[in-house]
Every structure is written in C-alpha cells, then in structure tokens.
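*Asks:* Before I ask anything, let me first share the structure, which is written out below as structure tokens.
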Amino acid sequence: MRKFLEVTGWLLLLQGIGGLLHTWTGWFEQWALVYRVGLLDGHEVFASIVLAVAGAAVLIASERVRP
C-alpha cells in the first residue's frame, strides 16, 4: 500500500508541476494532462495547483503508512 501511495503522490505532484511549467513557459505540452481535459478550459492553473498540493499530501500520507 505504501508503494502505491508513493507512486500516486509522485505522479500527481509531477502532473501539477508540469501543468504550471506549461502555463509559465509553454514546455511539457505533451504530458501535461490538465491541458488535455476540455472540462478544465480556463482553469488549468488552478487544477495544476490542486494536483501539486494533492500529490504532496499523498506523499506525506504515505510516510504514515506502516510498511
């Protein structure tokens, strides 16, 4: 369970950071999934922040799980 939470946390964190980097620099267009979801048009920055915070929270929670 701990490994699953760690992998999920890192994926969420990387997607959030990738979305923010794409907003600021235009890089990472291919793998920033926030920009591929049509429902989030105009709210990509907020969704990227939520993904990054959720990823950090899952990583912190994974430290609490006993191995």
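The values are calculated or read from the model by the stated rules, or taken from the named source; none is laboratory data. Predicted model only: the values in this text are computed from it and were never measured. Note: ideal-geometry Cβ built from the backbone for every residue, glycine included; neighbour counts use all protein chains shown.
*Asks:* Name the residues in segment 1-49 that are within 24 Å of Arg64 (Cα to Cα), out of contact with any helix residue (DSSP H, G or I) (no Cβ under 8 Å at 6 or more places or on another chain) and surrounded by 11 or more Cβ atoms within 10 Å (Cβ to Cβ), would you?
*Replies:* Result: Phe4, Val7.
*Asks:* Note down all Cβ pairs under 6 Å where the first residue falls in segment 7-34 and is closer than 14 Å to Val53 by Cβ, the second is outside any helix (DSSP H, G or I), and they're at least six residues apart or on different chains.
*Replies:* That search, which allows pairs on different chains as well, returns Gly19/Ala32.
*Asks:* Then there is this: Among the residues of segment 19-67 satisfying the criterion of being among the β-branched types (Val, Ile, Thr) and under 14 Å from Glu6 (Cβ atoms), which is modelled with the lowest pLDDT? Step through it out loud before you land on a result.
*Replies:* Keep residues of segment 19-67 that are among the β-branched types (Val, Ile, Thr), which gives 23, 25, 34, 37, 45, 49-50, 53, 58, 60, 65.
Add one more test, that the residue is under 14 Å from Glu6 (Cβ atoms), and what stays is 58, 60, 65.
On the way: Val58: 97, Ile60: 96, Val65: 88.
The qualifying residue modelled with the lowest pLDDT is Val65.
*Asks:* If Ala52 passes every condition in (1) touching a helix residue (DSSP H, G or I) at 6+ places or on another chain (Cβ under 9 Å); (2) loosely packed, with under 12 Cβ neighbours inside 10 Å but one, which one does it miss?
*Replies:* So the condition that Ala52 fails would be (2).
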